[in-house]
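Below is one structure, written out as structure tokens, with a few remarks after it.
The values are calculated or read from the model by the stated rules, or taken from the named source; none is laboratory data. These numbers come from a predicted model, not from an experiment. In this analysis, Cβ positions are derived from the backbone assuming ideal geometry, glycine residues included, and neighbour counts consider all displayed protein chains.
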Amino acid sequence: MKTEGQLKLEWARDHMPVCNEIRRRFVKEVPFKGIKISMALHVEAKTGVLALLLKEGGAEISLASCNPLSSDDSVVLALKEIHSLNVYAKKGIDDATYYEFLNKTLDLNPDIVIDDGADLVNLLHTKRKDASGNIIGGNEETTTGVVRLRAMEKQGVLKFPMIDVNDAMMKHLFDNRYGTGQSTLDGFMHATNLLIAGKRVTVAGYGYCGRGIAMRMRGMGGIVTVTEVDPVKAVEAVMDGFNVSTMNDSIRDADIVVTATGMKEVVTYQDMLVAKDGVVLCNAGHFNNEISVAQLEEKSMWKGEVRNEVRRYRLDNGNTVNLISDGRLVNLASGQGHPVEIMDMSFAIQALSAEFLLKNHKKMTNKVYSVPREIDLAVASVKIGSLGTKIDSLTKSQMEYLDSWGEGT
Ligand code: ADE
């Protein structure tokens, strides 16, 4: 009988047509023969599909979790026992074990790193310089990781080229928006079993993740207020029909607050003190510093588990605050991560970017690179085909029209 993890991997693979097309080519061409890849990603079924795809493409893989709460242990087991993959991940590990696992994955002395949040790259530049000898470059999955890499590039310390996978259109337009939109609601609903319809929901951040969450919360009947620091995004939120306000104002009557900013201290203890009694707080950003959990831990009068993934705190004003999954990213810590068809595109970009890096690293310098447009278009073409949808193409005369600048007739 198949194990739970095996079934999850198979289900994911069955719904990842773009990755499957890449796999068929990689099996024939074996582009990663002799290449070692260390990965730090959320270790769940879709990630397993990517790791196995790269392995079938010839790579030696070592995979660790990029978050202490996001691993699916049944998938970890299947990857290790059925697929003989080196995996270092377990749900609910402490910080020390988290770093121990990242270190173990670097013991491979990788040629390529695939990172989500840039902790692996950070280690290679600090405590694990010893493991960076073979590195030709890497890929970064998420906005927060790219912000860190760009800071390293700006300071001139980045030691190898990194590809900003998040920048690909077929990544951020879908993963950040529709992926985070659906998986955040999935995580919230799973953790709380509460209704969204009729609730006042504050969404912090109106980047692609925030707008996905705001859109889906509204779709479920939530009355949504957006908070922003960027006036352009704030205007967009207004014109998309959302209330826009500050955190300290909107939290006063919010039933649910979701952060998706990539910034620290977005919901502070001062905000919690003016919040409605019983507010539910959760975070969909990469790190658990968007909600000031440390202050909550330090200053609250009482805390207790009220559901598997919800902790209640009593503040010194007598009100309570409910926090989901320690303020760690709710869509993975309490949900199942992004939908499979979304990760199909994100991980197709990852696989093709790793191949690009392998073929082009000699021409690349120690910078953060965008994903080449051809990769974006290749992924889009396979995806649109897999959706059973046909699109038009330009005729020769239309192409010529694009190049013409004469009279506009
Ligand atoms: N599943 C695997 N990686 C993920 C990510 N970065 N976001 C959401 N779901 C995921």
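Of Val43, Val87, which residue is within 13 Å of the ligand (Cβ to nearest atom), within 21 Å of the chain's Cα centre (by Cα) and modelled with pLDDT of 95 or more?
Val43
Ile349 fails exactly one of the following numbered conditions: (1) in a helix (DSSP H, G or I); (2) buried (at least 16 other Cβ atoms within 10 Å of the Cβ); (3) away from the ligand (no atom under 16 Å from the Cβ). What is the number of that condition?
(3)
Here are some conditions: (1) in a loop (DSSP other than H, G, I, E, B); (2) over 30 Å from Leu54 (Cβ atoms). Gln336 meets all but one. Which one does it not meet?
(2)
May I ask you to verify whether Thr97 is in contact (Cβ under 8 Å) with a residue 24 or more places away in the chain, among the β-branched types (Val, Ile, Thr) and closer than 23 Å to Gly285 by Cβ?
yes
Taking the stated definitions as given, is Leu69 part of a loop (DSSP other than H, G, I, E, B), under 20 Å from the mean Cα position of the chain (by Cα) and among the aliphatic types (A, V, I, L, M)?
yes
Would you say Thr105 is part of a helix (DSSP H, G or I) and farther than 30 Å from Gly207 by Cα?
yes
Has the stretch 123-144 got any residue that is part of a loop (DSSP other than H, G, I, E, B), within 15 Å of the ligand (Cβ to nearest atom) and of a type in the set (Ser, Thr, Tyr)?
Yes: one or more hits.
Which is under 22 Å from the mean Cα position of the chain (by Cα), surrounded by 16 or more Cβ atoms within 10 Å (Cβ to Cβ), at pLDDT 95 or above and away from the ligand (no atom under 16 Å from the Cβ), of Ser74, Ser62?
The conditions single out Ser62.
Is it fair to say Met343 is surrounded by 15 or more Cβ atoms within 10 Å (Cβ to Cβ), at pLDDT 95 or above and not small (Gly, Ala, Ser)?
Against the criterion (surrounded by 15 or more Cβ atoms within 10 Å (Cβ to Cβ), at pLDDT 95 or above and not small (Gly, Ala, Ser)), Met343 qualifies.
Just checking, does the stretch 152-164 include any residue being β-branched (Val, Ile, Thr), out of contact with any strand residue (DSSP E or B) (no Cβ under 6 Å at 6 or more places or on another chain), under 27 Å from Thr97 (Cβ atoms) and more than 16 Å from the ligand (Cβ to nearest atom)?
no
Mind listing just one residue for me: the one in the stretch 300-317 that is of a type in the set (D, E, K, R) and over 31 Å from the mean Cα position of the chain (by Cα) and, of those, farthest from Val279 (Cα to Cα)?
This residue is Asp316.
Please enumerate the residues belonging to the stretch 108-122 that are within 16 Å of the ligand (Cβ to nearest atom), part of a loop (DSSP other than H, G, I, E, B) and of a type in the set (Asp, Glu).
Within the stretch 108-122, Asp116 is the sole residue that qualifies.
Between a first residue in the stretch 171-189 that is within 19 Å of Asn139 (Cβ to Cβ) and free of Cβ contacts under 8 Å to residues at least 40 places away in the same chain and a second residue that is part of a helix (DSSP H, G or I) and more than 10 Å from the ligand (Cβ to nearest atom), which pairs have beta carbons less than 6 Å apart while being 6 or more apart in sequence or on different chains?
Cβ pairs passing all conditions: His172/Tyr208; Asn176/Tyr208.
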